[in-house]
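For reference, the structure is listed below as structure tokens.
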Amino acid sequence: MTSIVHADEAGFFGAHGGRFLPPQLEAPIAEVAAAYAEARNDPEFMAEYEALLSDYVGRPSPLFLAERLTKHFGGARIYLKREDLNHTGSHKINHCLGEVLLAKRMGKTKVLAETGAGQHGVALATAAALLGLECEIHMGAIDIEKQHPNVVRMELLGATVVSVTDGGQCLKDAVDSAFGKFATDWEDTFFAIGSVVGPDPYPTIIRDFQSIVGREMRAQILAKENRLPDVLIACVGGGSNAMGLFTAFLEDDSVRMFGVEPGGKNLDVVGEHAATMTLGSPGMLHGMKTMLLQDSAGDPDAVHSIASGLDYPAVGPQHAHLKDIGRVQYVTASDDETLEAFQLLCRTEGIIPALESAHALVQMAKLAPTMGPDEIIVVNLSGRGDKDIDYVAEKIRG
């Protein structure tokens with residue numbers, strides 16, 4: 001396989017990636033790397049993981065032809081990969097089960113993580129409860145207020161939720177807080193990063209566990225249409241759901257791919273968007289080299305998105321590489337466009353999507369009418385919108 005799929009020995013995808021850590025984190029991250037290298041080649045470990053995906057998560061998730069949405073736009077046939085139907089309501093359970101299984105294999109008694117919209121936190125708390133580990137979730141104070149139902153879910157599942165009041169009180173600050181805790185207390189703890197970000201090997205670990213999405217979808221679309229899709233679309237914050245969808249198709253040049261990031265309120269104003277790939281520059285954050293929204297001193301900019309799971313000033317290093325080589329096109333969706341797409345899916349297909357996923361629907365709405373009826377778009381519907389309905393109702397009333 002080429003470097004378009006895998007990192008090199010130093011954990012780089014092209015110019016992006018690597019492992020840049022303070023001395024106190026070098027040993028615990030090296031321990032994770034060694035443990036995963038063994039586990040991924042252990043048939044018993046992988047069999048247990050795959051059995052849980054089937055019997056606990058409910059995989060395979062359906063690939064659904066959205067006929068009314070297709071008719072609405074009058075162009076390409078639109079399919080939705082229904083990750084929203086997974087247990088816990090999003091794609092996050094795919095990698096959380098893998099991470100908690102790995103933690104248990106390593107003899108850890110606790111998992112620690114950050115969360116934005118709360119979907120990663122809920123999925124990790126669920127996996128920890130299932131497999132008998134303690135769980136601690138760091139979450140920005142703003143996101144705790146926006147995503148209160150997920151906070152309740154995490155606590156019901158036995159997790160400790162830590163409110164982060166530093167900085168912008170959102171996802172980046174939650175990551176900072178969780179890393180800080182891990183640096184002081186790691187011997188019995190596994191740091192379960194929630195996306196394809198962070199120091200090597202995390203972008204690979206999360207990508208590998210999420211790759212089930214694209215592998216399933218490839219088989220499903222071949223069974224339904226006897227050919228590959230023309231276009232794949234997924235939202236991108238850190239980028240785990242997008243890498244999960246894209247990985248199985250990276251070497252198929254006929255398949256165009258779009259990653260949709262938050263245009264927020266205003267792309268021209270720092271702190272009112274999170275368009276990392278569109279407006280960022282190479283930098284370093286959370287142990288990796290990647291694209292970053294940053295000031296002249298190299299410090300991360302403030303960011304905003306209507307979707308808490310996307311308000312992150314960086315992106316997974318493999319995404320940065322895919323942009324560099326032109327394999328994936330990265331575009332933006334504004335808050336207003338996202339709200340409109342959210343409501344459209346509700347009313348045409350009876351599906352309430354996560355606000356994160358609704359970003360991908362915006363690009364679908366732009367592309368589908370320009371394509372022919374024999375062409376196919378697949379959108380990764382990465383999560384359901386139960387967590388967002390009160391917030392969306394308030395926005396619509398406003």
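The values are calculated or read from the model by the stated rules, or taken from the named source; none is laboratory data. These figures come from a predicted structure and were not determined experimentally. Positions of Cβ are backbone-derived with ideal geometry, glycine not excepted, and every protein chain shown enters the neighbour counts. Protein only, heavy atoms only, side chains kept; ligands, DNA and RNA dropped before computing areas. Shrake-Rupley method; radii C 1.70, N 1.55, O 1.52, S 1.80 Å.
Being open to solvent by less than 20 Å² (accessible area, probe 1.4 Å) and aliphatic (A, V, I, L, M) is the filter; apply it to the range 21-30 and report the residue that is nearest to residue 106 (Cα to Cα).
29
May I ask you to say which residue of 39, 33 is of a type in the set (Gly, Ala, Ser) and open to solvent by 20 Å² or more (accessible area, probe 1.4 Å)?
It is 33.
Considering (1) more than 15 Å from residue 290 (Cβ to Cβ); (2) open to solvent by less than 20 Å² (accessible area, probe 1.4 Å), say which one residue 187 fails and leave the rest.
(2)
Which numbered condition in (1) open to solvent by 10 Å² or more (accessible area, probe 1.4 Å); (2) assigned to a helix (DSSP H, G or I); (3) of a type in the set (A, V, I, L, M) is the only one that residue 213 fails?
(1)
Would you be able to tell me the number of residues in the range 351-372 that are among the hydroxyl-bearing types (Ser, Thr, Tyr) and surrounded by 23 or more Cβ atoms within 10 Å (Cβ to Cβ)?
Residues in the range 351-372 being among the hydroxyl-bearing types (Ser, Thr, Tyr) and surrounded by 23 or more Cβ atoms within 10 Å (Cβ to Cβ): 1 in total.
Based on this model, can you work out whether residue 343 counts as among the polar types (S, T, N, Q), open to solvent by 10 Å² or more (accessible area, probe 1.4 Å), farther than 29 Å from residue 203 by Cα and at pLDDT 95 or above?
Criteria met by residue 343.
Right, residue 375: among the acidic types (Asp, Glu), more than 15 Å from residue 237 (Cα to Cα), in contact (Cβ under 8 Å) with a residue 24 or more places away in the chain and surrounded by fewer than 23 Cβ atoms within 10 Å (Cβ to Cβ) or not?
Criteria met by residue 375.
Which condition from (1) in a strand (DSSP E or B); (2) open to solvent by 60 Å² or more (accessible area, probe 1.4 Å) is the one that residue 155 breaks?
(1)
With the checklist (1) open to solvent by less than 10 Å² (accessible area, probe 1.4 Å); (2) on the phi > 0 side of the Ramachandran plot in hand, flag the one item residue 125 doesn't pass.
(2)
State all residues of the range 344-382 that are part of a helix (DSSP H, G or I) and among the small types (Gly, Ala, Ser); if no residue qualifies, say none.
The answer is 357, 358, 360, 365, 368.
Which number in (1) open to solvent by 10 Å² or more (accessible area, probe 1.4 Å); (2) closer than 22 Å to residue 270 by Cβ; (3) of a type in the set (A, V, I, L, M, F, W, C) marks the one condition that residue 320 misses?
(1)
Would you mind stating whether residue 253 is open to solvent by less than 50 Å² (accessible area, probe 1.4 Å), more than 21 Å from residue 199 (Cβ to Cβ) and of a type in the set (Asp, Glu)?
no
Can you tell me which of (1) within 23 Å of residue 355 (Cβ to Cβ); (2) open to solvent by 40 Å² or more (accessible area, probe 1.4 Å) is the one residue 224 doesn't meet?
It fails just one condition, (1).
Is there any pair linking a residue in the range 33-58 that is in contact (Cβ under 8 Å) with a residue 24 or more places away in the chain to one that is crowded, with 17+ Cβ neighbours inside 10 Å and β-branched (Val, Ile, Thr), with Cβ under 7 Å and at least six apart or on different chains, and which?
The qualifying pairs are 36/205; 53/212; 57/93.
Only one of these is out of contact with any Asp or Glu (no Cβ under 8 Å at 6 or more places or on another chain), modelled with pLDDT of 95 or more and open to solvent by less than 10 Å² (accessible area, probe 1.4 Å): 85, 52, 102, 65. Name it.
Criteria check complete, one pass: 102.
Looking only at residues that are out of contact with any helix residue (DSSP H, G or I) (no Cβ under 6 Å at 6 or more places or on another chain) and at pLDDT below 95 in the range 136-151, which one is most open to solvent (accessible area, probe 1.4 Å)?
Result: 145.
Being open to solvent by 70 Å² or more (accessible area, probe 1.4 Å) and modelled with pLDDT of 95 or more is the requirement here; does residue 268 meet it?
yes
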